[in-house]
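This report concerns only the one structure given below.
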Amino acid sequence: MEHSIYWQAYCDVWEYHKKYIGSLKDDDEFWHGLVEEGRKISKKYNSSRFVCNLIANELAEFEEMYKNNC
């Protein structure tokens, strides 16, 4: 990926983070939507390992935060 693509990927993942971090809930539809949006971001960058790892880390963080707040 060229440098400008990294910047856009970080921006997309940051927007994803902001969208969900304050609204985690116990709802299968919510979690399905969260995962699907992560997949869309990943596909936008041709499923690059770098972006997939960013999304995977976000999902792990969301899960950890949800577990700690319940």
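The values are calculated or read from the model by the stated rules, or taken from the named source; none is laboratory data. Keep in mind the model is a prediction, meaning the values are calculated, not measured. All accessible areas refer to the heavy atoms of the entire protein, side chains included, with ligands and DNA or RNA removed. Shrake-Rupley method; radii C 1.70, N 1.55, O 1.52, S 1.80 Å.
Values as computed for the structure displayed
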read-out	value
Length added when fully stretched, Ala56-Glu29, from 0.36 nm per residue minus Cα-Cα	7.9 nm
Whichever lysines have a C-alpha closer than 20 Å to that of Lys25, once near sequence neighbours (fewer than 8 apart) are set aside	Lys67
Crossing angle, helix 28-44 versus the chain [Cα axis fit, 0-90 degrees, rounded to tens]	10
Set of lysines with alpha-carbon distance to Lys40 below 17 Å, sequence-local pairs under 8 removed	Lys18, Lys19
For the chain: relative contact order, % (alpha-carbon pairs under 8 angstrom, 6 or more apart)	37
Percent accessible area from carbon and sulfur atoms, region 30-70, protein chains only, probe 1.4 Å	50
Chain lengthening between Glu63 and Ile21 when straightened (0.36 nm per residue, less Cα-Cα)	14.1 nm
Full-stretch length increase - Trp7, Glu37 - with 0.36 nm per residue and alpha-carbon distance subtracted	8.9 nm
Probe 1.4 Å, accessible area per residue of the chain, Å²	73
Solvent-accessible area of Lys44 with every protein chain in place, 1.4 Å probe, in Å² to the nearest 10	120
